[in-house]
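Note sheet for the following structure.
The values are calculated or read from the model by the stated rules, or taken from the named source; none is laboratory data. Computed from a prediction, not measured in an experiment: that's the story for all the values here. Positions of Cβ are generated from backbone atoms using ideal geometry, with glycine treated the same way; all protein chains shown enter the neighbour counts. Each accessible area value is taken on the protein alone, full model and side chains, heavy atoms only, with ligands, DNA and RNA left out. Shrake-Rupley method; radii C 1.70, N 1.55, O 1.52, S 1.80 Å.
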Amino acid sequence: MKQGKCLTAAALLLCLAITMVGCSKDSILDKFNGLLHHVSQYALTDEKELKGEKMEGEDTYIGSYTADYEDFSGTEYLFGGTGLERENGNELTVTYELTVESGSAELYWIDKDNRYMLTETEGNGSHPLTLTTGDNYLVFEGEEFHGTLHVTVE
């Protein structure tokens, strides 16, 4: 993942710079975590490119998203980020409603290198999630998808 290598290099440079000015270990980790969260927001699909409307919460991990799709083939990274620890806690709940008229759709959570399917069929549900250190993203994929998605992460 090209973006991951750039992120790692930037983070290492920041740590080196901070270490050289004599900051405490906790201060270095806080700054590093802040850098990770800031940079990881660019991994999310830009709001201009989303097919629906997104309402962000207090950070990039929570909010709501509603979309009506017509012949959508692609991937949208809706919520999430990368960090050592989330300031507002690591427990989240994803609530969704998916309507499938035609095509296929998947709503899943990426946790580091793991992929956890939340749904790939029409319906609604709620799933608790515990964030781990590293990548944590809510992703929607469609293939010639016609339908709607309503999702809230809190």
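Within region 73-82, being touching a Lys or Arg at 6+ places or on another chain (Cβ under 9 Å) and open to solvent by 20 Å² or more (accessible area, probe 1.4 Å) holds for one residue alone: 74.
Among the residues of region 98-125, which ones are hydrophobic (A, V, I, L, M, F, W, C) and surrounded by 15 or more Cβ atoms within 10 Å (Cβ to Cβ)? Within region 98-125, 98, 100, 105, 107, 109, 110, 118 qualify. The single condition among (1) closer than 13 Å to residue 61 by Cα; (2) open to solvent by 50 Å² or more (accessible area, probe 1.4 Å); (3) modelled with pLDDT of 95 or more that residue 85 does not satisfy is (3). Scanning region 62-85 for residues that are more than 15 Å from residue 44 (Cβ to Cβ) and either out of contact with any strand residue (DSSP E or B) (no Cβ under 7 Å at 6 or more places or on another chain) or not polar (S, T, N, Q) (or both) yields 68, 69, 70, 71, 72, 84, 85. Please tell me if residue 99 is β-branched (Val, Ile, Thr), under 16 Å from residue 51 (Cα atoms) and at pLDDT 95 or above. Yes: the conditions hold for residue 99.
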